[in-house]
Structures are given as C-alpha cells and as structure tokens.
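Notes follow the structure.
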Amino acid sequence: MIREFRPALILVVLLTVLTGLAAPLAMTGLLGLAFPFQAGGSLLEDHGKIIGSALIGQNFTTPGYFHPRLSATTEPDPKDASKTIPVPYAADNSNASNLAPTAKALIDRVKGDLAAAGPAPVPADAVTSSASGLDPDISPENARRQIARVARARHLPEARIADLVAAHTEKPFLGFIGEARVNVLALNRALDQLSAP
C-alpha cells in the first residue's frame with residue numbers, strides 16, 4: 001500500500017510546488033520586469049503623490065470635472081452592519097447592483113438619470129453602472145455630452161475641451177476589439193493642467 005501511495009504523494013507535492021509556487025512566482029517576476037507600470041497597479045502620481053489608478057474609477061461629482069460611469073458598489077453601514085450604504089468606487093467591494101431590469105428601484109433611478117442627462121439619445125453608460133462598479137472609462141459620446149458643463153465651470157471655450165476629449169479618446173484594441181473609450185481620471189488630470197476647476 002505504501003508503495004502505491006508514495007508516487008502519488010510525490011507527484012502531488014511536486015506539482016503543487018511547480019504549479020502553485022514556482023510558475024506563479026516566475027510569471028509575476030517576468031511580467032513585473034516587462035510591464036512594471038501595470039504590475040504595480042497602474043498607479044498615477046502627481047508631484048510624487050499617488051492620486052489613483054488608471055484601472056479603477058473615481059467619484060468626480062463637481063461641475064468642473066468629467067463625471068465617470070455610475071458605480072453601484074456598497075459597504076456595510078457603520079451604524080447598522082445588517083444594512084449597506086452606497087460607496088461609489090469602493091475598490092475592496094467590486095460589484096454590480098444586481099437589480100433586475102424590472103426592479104422598481106432601478107427603473108426609478110434610470111428615469112431620474114435620463115431626465116438629468118438632457119436630450120435623447122443618451123449614451124447607455126451615462127445612466128447605467130458597470131458590472132464591476134469600478135469602470136474607469138466612459139464612452140466618447142458620454143464625454144462629449146459633458147463638454148458644455150465642464151467648459152462653463154472652468155471658463156474655457158468648448159472647442160478647447162472638445163480637443164482634450166478627442167486627444168484622450170482611446171481607439172478599440174487592434175481597431176476592432178472592444179469599444180472606443182475615454183479614461184476619466186486621465187482626462188480630468190489634463191483638465192487640471194489647463195485650468196483650476
């Protein structure tokens with residue numbers, strides 16, 4: 001019995017060390033050398049201070065900034081642990097609202113967002129949250145709808161803001177994979193270099 005058990009045990013230990021330790025450590029090390037920015041969390045700095053990640057959205061709400069896609073992330077309520085409260089872009093609790101398309105709460109929220117968004121057609125990402133609740137990007141259409149508000153708040157010509165949006169619009173990967181998108185944090189950083197909010 002021990003004779004049959006020993007090779008199986010050796011194989012389990014060997015494969016655990018190879019696939020559970022050696023391969024992940026080698027890949028982490030190699031990819032860290034090849035892509036240090038991405039491996040470090042794609043962190044963005046301003047004057048030596050980390051201000052965010054290019055991969056995780058932030059909750060910009062003032063008129064002088066482009067607003068991100070809605071976030072449905074929540075955290076436990078500090079006053080009542082049995083309940084949750086909205087905490088947009090809570091990176092430690094990535095989730096969607098999980099509300100069904102027929103849920104009254106979702107329908108009411110979207111109707112309110114549609115009314116606030118202005119004339120139709122409204123881009124879907126202007127009134128819906130992403131599946132992760134952490135999406136750092138918005139569609140170019142969503143960004144263009146916000147140009148007038150941002151220009152007014154910053155006392156800049158709309159054409160100058162439109163040029164900034166165009167410069168920060170990323171094309172689909174290889175021209176056909178994914179959608180065109182605008183990273184909100186990168187766009188807002190570029191805005192701050194033009195003028196104060």
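The values are calculated or read from the model by the stated rules, or taken from the named source; none is laboratory data. Here the structure is a predicted model, which is why all the values come from computation and not from measurement. Note: ideal-geometry Cβ built from the backbone for every residue, glycine included; neighbour counts use all protein chains shown.
The table below gives the values:
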| quantity | calculated |
| --- | --- |
| Residues of the stretch 66-82 satisfying the condition of being surrounded by fewer than 10 Cβ atoms within 10 Å (Cβ to Cβ) and either assigned to a loop (DSSP other than H, G, I, E, B) or at pLDDT below 85 (or both) | Pro78, Lys79, Ala81 |
| Options Pro101, Pro63, Pro88; residue that is out of contact with any Pro (no Cβ under 7 Å at 6 or more places or on another chain), of a type outside the set (Asp, Glu), in a loop (DSSP other than H, G, I, E, B) and at pLDDT 85 or above | Pro63 |
| Qualifying position, being surrounded by 15 or more Cβ atoms within 10 Å (Cβ to Cβ), touching a strand residue (DSSP E or B) at 6+ places or on another chain (Cβ under 8 Å) and either basic (Lys, Arg) or not assigned by TED's automatic domain parsing to the domain that holds Leu55 (or both), among Arg145, Arg149, Arg181, Arg109 | Arg181 |
| Failed criterion for Asn98 (all others in (1) farther than 30 Å from Ser139 by Cα; (2) out of contact with any strand residue (DSSP E or B) (no Cβ under 9 Å at 6 or more places or on another chain); (3) surrounded by fewer than 10 Cβ atoms within 10 Å (Cβ to Cβ); (4) not basic (Lys, Arg) hold) | (1) |
| Test: residue in the stretch 43-54 that is within 30 Å of Gly29 (Cβ to Cβ), touching a residue at least 24 places away in the same chain (Cβ under 8 Å), in a loop (DSSP other than H, G, I, E, B) and among the aliphatic types (A, V, I, L, M) | yes |
